[in-house]
Amino acid sequence: MHSSDCSRLLTKKETPLLSFDNKQILDTPPLKIEKNGGKKAYLFRNTDGAEPVIARHYDHQFRPDAAYKASLPDMTETVDSVEGANVAIQQVGISGFRLPLKFATPAGEALTLEARVTGTVSLQANLKGINMSRIIRTFYAHKDEVFSLDTLAQVVHDYRRDLESMSARVKVAFNYPLLVSALRSGLEGYQYYSGSYEAVLEENGTLRRFVELDFVYSSACPCSAELAEHARDVRGVYAIPHSQRSKARIKVEVAPDTSLHLEDLIHHARAALKTETQVMVKREDEQAFAELNGAYVKFVEDAARLLYEQLIADRRIHDFQVACSHLESLHSHDAVSVIAKGVPGGFRADFNDFSTLLC
Ligand SMILES: Nc1nc2c(ncn2[C@@H]2O[C@H](COP(=O)(O)OP(=O)(O)OP(=O)(O)O)[C@@H](O)[C@H]2O)c(=O)[nH]1
């Protein structure tokens with residue numbers, strides 16, 4: 001309840017009824033409350049104090065016209081109704097609305113994939129709230145376009161315009177399929193890559209664009225491999241080094257006036273780590289994979305540095321952060337590493353929430 005005319009809490013008998021449908025109630029003179037800023041809220045209450053009788057029905061014929069819509073109370077336009085600290089909010093919006101989008105491939109085709117979208121804008125102090133539906137409505141204006149990282153740049157500009165905000169950001173997450181070949185049998189199968197494109201339009205008009213990829217690979221421990229060989233050589237004991245499914249979360253900021261595709265990060269990750277998990281595997285492929293892991297054993301530190309070496313060489317990448325998590329088969333915990341390029345004001349190798357890196 002806000003201040004103005006009904007500052008005291010109404011008793012149960014006087015509990016206001018918000019209804020425009022029930023004609024009987026409409027005969028009761030409404031208690032009109034002039035909200036600050038001229039917006040009205042209609043509180044209906046029965047005058048004799050008896051329990052009201054509400055005919056609960058849905059009017060399928062009712063169609064709000066412009067005048068009726070204009071009469072609707074709009075909390076986002078009331079002033080002096082901010083609850084709590086009257087301060088700006090950096091991001092407010094909608095997380096996780098989904099729709100099918102066409103994603104551009106490097107070959108110029110368009111793949112229709114499920115997209116999970118999070119759109120937010122800033123909100124200044126003194127303002128109660130944003131026009132929340134515009135986060136989706138503005139995005140939908142682009143829903144038939146072929147999406148790339150650069151489509152999002154237009155979305156954030158539209159967000160700033162339509163929601164009259166100072167800054168805006170949008171992130172589109174999707175699972176991207178690639179047909180991959182087996183190591184030696186010549187078979188092929190689909191590998192799905194979890195990735196996202198993100199654009200941020202800052203208050204000063206700076207546009208920043210990001211690409212993120214989760215890359216799943218095998219990590220065979222170099223120390224365990226040496227110990228296994230030692231047991232075999234010195235004591236003739238058969239031993240198996242531990243290896244495990246692992247994940248690298250690679251987030252890059254794309255340099256201005258260039259572009260980057262999710263497939264570019266996939267190629268960097270494959271070149272760095274070599275031991276991507278496999279799709280189609282016959283025995284000749286499995287033997288090849290065992291040899292590949294023998295040739296490319298890696299600590300979680302090695303994985304971070306191998307990715308650093310690939311990313312630092314790509315001039316389209318302004319900044320990056322890599323978080324690796326090896327879900328150790330030796331331990332009941334994970335071995336983790338985080339590395340960042342070290343751009344001033346850029347990624348700071350935040351200790352990510354590694355639980356989200358679980359494979
Ligand atoms: N800002 C805000 N709105 C919310 C929230 N939860 C629900 N909403 C509702 O979001 C609905 C849609 O808001 P708007 O987009 O402003 O709807 P509208 O005023 O009809 O849209 P416009 O005609 O574009 O102004 C409103 O009914 C809000 O009450 C919230 O946490 N914050």
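When L163 is tested against (1) within 16 Å of the ligand (Cβ to nearest atom); (2) open to solvent by less than 10 Å² (accessible area, probe 1.4 Å), only condition (2) is not met.
Would you check if there is a residue in the stretch 301-318 being farther than 23 Å from V211 by Cβ, at pLDDT 95 or above and open to solvent by 60 Å² or more (accessible area, probe 1.4 Å)? Break it down stepwise before answering.
From the stretch 301-318, those farther than 23 Å from V211 by Cβ are 301-302; that's our starting set.
Then keep just the ones that are at pLDDT 95 or above; that gives 301-302.
Applying the additional criterion that residues be open to solvent by 60 Å² or more (accessible area, probe 1.4 Å) yields 301.
Yes, some residue in the stretch 301-318 is farther than 23 Å from V211 by Cβ, at pLDDT 95 or above and open to solvent by 60 Å² or more (accessible area, probe 1.4 Å).
Residues being open to solvent by 60 Å² or more (accessible area, probe 1.4 Å), farther than 30 Å from Y176 by Cα and either hydroxyl-bearing (S, T, Y) or touching a Gly at 6+ places or on another chain (Cβ under 7 Å) (or both) are represented in the stretch 76-98 by at least one member. In the stretch 129-150, the qualifying residues are those that are more than 7 Å from the ligand (Cβ to nearest atom) and part of a loop (DSSP other than H, G, I, E, B), and the one that is most open to solvent (accessible area, probe 1.4 Å) is D144.
Restricting to the stretch 218-274, what's the tally of residues that are touching a helix residue (DSSP H, G or I) at 6+ places or on another chain (Cβ under 8 Å), assigned to a loop (DSSP other than H, G, I, E, B) and not basic (K, R)?
Taking the stretch 218-274 as the starting set, the residues that turn out to be touching a helix residue (DSSP H, G or I) at 6+ places or on another chain (Cβ under 8 Å) are 218-220, 222, 225, 237-243, 246-250, 252, 254, 259-261, 268-269, 271-274.
Right, trim to assigned to a loop (DSSP other than H, G, I, E, B) and you get 237-242, 259-261, 274.
With the extra rule that they be not basic (K, R), the set shrinks to 237-242, 259-261.
So the count comes out to 9.
Among the numbered criteria (1) more than 29 Å from A110 (Cβ to Cβ); (2) part of a helix (DSSP H, G or I), which single criterion is violated by C324? So C324 meets the others, but not (2).
Annotation: L179 fulfils all but one of (1) touching a Leu at 6+ places or on another chain (Cβ under 8 Å); (2) assigned to a strand (DSSP E or B); (3) open to solvent by 30 Å² or more (accessible area, probe 1.4 Å); the unmet one is (1). Looking across A290, A295, A323, A271, one residue alone is under 26 Å from the mean Cα position of the chain (by Cα) and either outside the structural domain of G189 (by TED's automatic domain parsing) or not aliphatic (A, V, I, L, M) (or both). It is A323.
If I ask for residues that are at pLDDT below 95 and surrounded by 14 or more Cβ atoms within 10 Å (Cβ to Cβ), which ones from the stretch 117-128 would you list? The answer is L127, K128. Restricted to the stretch 275-295, and to residues there that are in a loop (DSSP other than H, G, I, E, B) and more than 14 Å from C324 (Cβ to Cβ), the residue that is least open to solvent (accessible area, probe 1.4 Å) is T277.
The values are calculated or read from the model by the stated rules, or taken from the named source; none is laboratory data. Computed from a predicted structure; not experimentally measured. Quick reminder, even Gly has a Cβ in these numbers, built from the backbone with ideal geometry, and neighbours come from all protein chains shown. Accessible surface areas use protein heavy atoms only, side chains included; no ligands, DNA or RNA. Shrake-Rupley method; radii C 1.70, N 1.55, O 1.52, S 1.80 Å.
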